[in-house]
Amino acid sequence: MTSPIVSTDWLADRLLDPTIKVIEVSSKLGDEAPYRTGHIPGAVNFYWKDLCWHDSDREFVTPGELANRLGKVGVSEKDRVVLYGDPVQYGTYALWALTMAGHPEIFILDGSRTKWVMEGRPMTDVVPEVQQVDYVAQNGDVRMRLGRENLLNKLKEPSRFLLDVRSPEEYSGERVMEYGNFDHGAERGGRIPGAKHLYYKDLLNPDDTFKEPEELLEIFKNVGCIPDDYKEVVCYCRLSHRATFAWTALTHVLGNNNIFIYDGSWTEWGSIVGYPIER
């Protein structure tokens, strides 16, 4: 398996390559996004929902929708797309969503915006001019996505490891949202029965890069998450952004093939009448 994770050196050497298209995936809309005051030269910006979600349903972007969205900003199915998030987990979320929508060559910038800025690399506030191109929709791949009924039916399945990567306060049920004055995102606090805890930030270096494979292996091992011992590892968080960071580490850094994401995550599970929880 060829890893989609690329370094800042790798991208810096290819910024002028016309087949490389850089996308900053923002957690904030419009002028609130840091993209407006500075971004990697040539990068276009998407608010995360505008890139990764269906226009109206709480569903992911389809191959046809992705073709339309990327084609409008000058990206074809033949281009290599490099994603970086603000914050970091929005990049891995987009990596996961675009993988499911079938874009052939997707890369994720290790360290995202954080490392690029820390290294003093070039930034600009100039929004690039783009010319719409034809994008031929590709075949999607949704095998790494699981729904609530699958989880419910296999809660006691010993061959499945369930990994909760939220903050300690969310895992314990003290909060349903990681931060902020308003604690919202689910009707109940707690966790899915049987889930083990690993805070996703433990997988990160201070510059938002992934820790070395040996360190990651030990961190996962310490919570019992040893993919070779299970048929499936299922990750979740609140909205699945943070879960995609663990999925990327397990799949693309450590090379496992049996890693899945429950994308409804706690927002869905914690609000369904009759679904069991632990505290």
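Give me a count of the residues in the range 145-171 that are of a type outside the set (Lys, Arg) and surrounded by fewer than 19 Cβ atoms within 10 Å (Cβ to Cβ). Of the residues in the range 145-171, 11 are of a type outside the set (Lys, Arg) and surrounded by fewer than 19 Cβ atoms within 10 Å (Cβ to Cβ). Applying the selection to the range 241-257, what residues are modelled with pLDDT of 95 or more and not small (Gly, Ala, Ser)? Passing the criteria: HIS241, ARG242, THR244, PHE245, TRP247, THR248, LEU250, THR251, HIS252, VAL253, LEU254, ASN256.
Scanning the range 67-106 for residues that are among the small types (Gly, Ala, Ser), in a helix (DSSP H, G or I) and farther than 14 Å from ALA243 by Cβ gives ALA67, GLY71. When the range 20-31 is examined, which residues are found to be exposed (fewer than 11 other Cβ atoms within 10 Å of the Cβ) and of a type outside the set (Gly, Ala, Ser)? ASP31, the sole residue that qualifies. Within the span defined as the range 245-255, every residue fails to be in contact with a Gly (Cβ under 8 Å, 6 or more places away or on another chain) and part of a loop (DSSP other than H, G, I, E, B). Candidates are the residues of the range 227-256 that are out of contact with any Leu (no Cβ under 9 Å at 6 or more places or on another chain) and under 16 Å from SER159 (Cα atoms); the one that is surrounded by the fewest Cβ atoms within 10 Å (Cβ to Cβ) is ASP228.
Residues in the range 1-34 that are under 13 Å from PHE107 (Cβ atoms), touching a His at 6+ places or on another chain (Cβ under 8 Å) and at pLDDT 95 or above: PRO4, ILE5. The residues of the range 48-74 that are under 11 Å from HIS103 (Cα atoms) and within 19 Å of the chain's Cα centre (by Cα), listed by number, are THR62, PRO63, LEU66, LEU70.
Of all residues in the range 265-279, which are surrounded by fewer than 20 Cβ atoms within 10 Å (Cβ to Cβ) and of a type in the set (Gly, Ala, Ser)? Hits for the range 265-279 are SER271, GLY274. Residue-level analysis places VAL133 among those that are over 22 Å from the mean Cα position of the chain (by Cα), within 30 Å of ALA33 (Cα to Cα) and surrounded by 15 or more Cβ atoms within 10 Å (Cβ to Cβ).
The values are calculated or read from the model by the stated rules, or taken from the named source; none is laboratory data. Just so you know, these numbers come straight off a predicted model, no measurement behind them. So basically every Cβ, Gly included, is an ideal-geometry build from the backbone, and we count neighbours across all protein chains shown.
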